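The values are calculated or read from the model by the stated rules, or taken from the named source; none is laboratory data. Quick caveat: nothing in here was measured; it's all calculated off a predicted structure. When we count neighbours, we look across all protein chains shown, and the Cβ atoms used for this are built from the backbone with ideal geometry, even at glycine.
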Amino acid sequence: MKFRGLKIPAVLTALAVGVSGGTVLAAGGLGGPNGGSPNGVTKAVYTDGITDYGVNRGTDPAIYNDWGNGWSEGETPRVIIYSHTPGPRHAHLGPRLDPGLNPPLTEANVAQWNLKNWLEAEGIQVDWTEDPTALNRLNNYNGFIALSANRDAYDDTAQTSLKQFVRRGGGFVGIHNAFGAEYHWPWYEGLLGGANFYDHGPNRDGTVEVLNHNDVSTENLPAEWAFKDEWYNLVPFPSYVNFLAKVDADTSDTGRSSGHPGHGDNHPVSWCHYYDGGKSWLTTLGHDAATWSDAEFEGDEYFQDHVVNGVLSSIGMKEFCQR
């Protein structure tokens, strides 16, 4: 079975729910109070090897909690960029930032600096930090952007703050090495779409293929566009999400790094879903520092449009996760 070019892994085939224009796996919340979901997907699916994260998740907007963190007409939208890296640090983040909220940025902090500028151009107030203690007031924001924040990036208090933020209807955006974080925190893995980083080959050229042009984060993009990235392999593989874009099979099957064979023609790079009351928009793209700068980089204008509209939709300024 395929949804617009993306095969469903065999373990999910029997569970797939087709929708118009769909790139959706079992499009409904899971683990509801009655052991099921608005679309009738029961907890029995977990016997097929998909993790039960103990929350409602899927692509049904009924999962969303309009409890105060989503943006409302007339208010100033606010997001916070979090780029804390206890583990290896990507070059696009530049030098580590000082503690506190809104520490000085340098030109070398290319991803934080340019993402801030992109969003401010949309009328969004942007704060930034690499300090876990600065996350204790997330309810002041509509959006939380995990920008390659990796490994054990969230202490116990920050974990609680992020959970409560999402449950109040906040928008989470995970970019690139946000997938290399909190391997022992199942709730976070679920927030990523029931997915996590396994490995990648060398940074290399490929072709991004749009799977769903109905979503605001893809509606302005061409059907295919050249790009260069690390093309993350994912274990677990995303489930109960709306797949937005993938990378071509020739790219994903080359440069194997740790024995993972790659995902072939089933290699997603962007998707979205509702999770535990909130909205979550994800992309593994964004490795190369030139992606974030004014330097010549093929496809960077599409990447910028993709990310900015992903943020706008996750915080409620535009329609979210359209199918």
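Structural remarks
- For the stretch 176-194, a residue qualifies if it is more than 19 Å from H90 (Cβ to Cβ) and at pLDDT below 95, and exactly one does: H184.
- Taking the criterion of being loosely packed, with under 13 Cβ neighbours inside 10 Å and either within 18 Å of V173 (Cα to Cα) or modelled with pLDDT of 95 or more (or both), the residues of the stretch 76-95 that qualify are T76, P95.
- Counted as qualifying within the stretch 207-323 are the strands (runs of 3 or more DSSP E) with 1 or more residues that are of a type in the set (S, T, N, Q) and either surrounded by fewer than 21 Cβ atoms within 10 Å (Cβ to Cβ) or in contact (Cβ under 8 Å) with a residue 12 or more places away in the chain (or both), namely 242-247, 268-275, 278-283.
- Residue count for the stretch 38-70, restricted to those that are at pLDDT below 95, aromatic (F, W, Y) and in a loop (DSSP other than H, G, I, E, B): 1.
- Residue within the stretch 116-131 that is without any contact (Cβ under 8 Å) to a residue 60 or more places away in the chain, aromatic (F, W, Y) and surrounded by 13 or more Cβ atoms within 10 Å (Cβ to Cβ) present: yes
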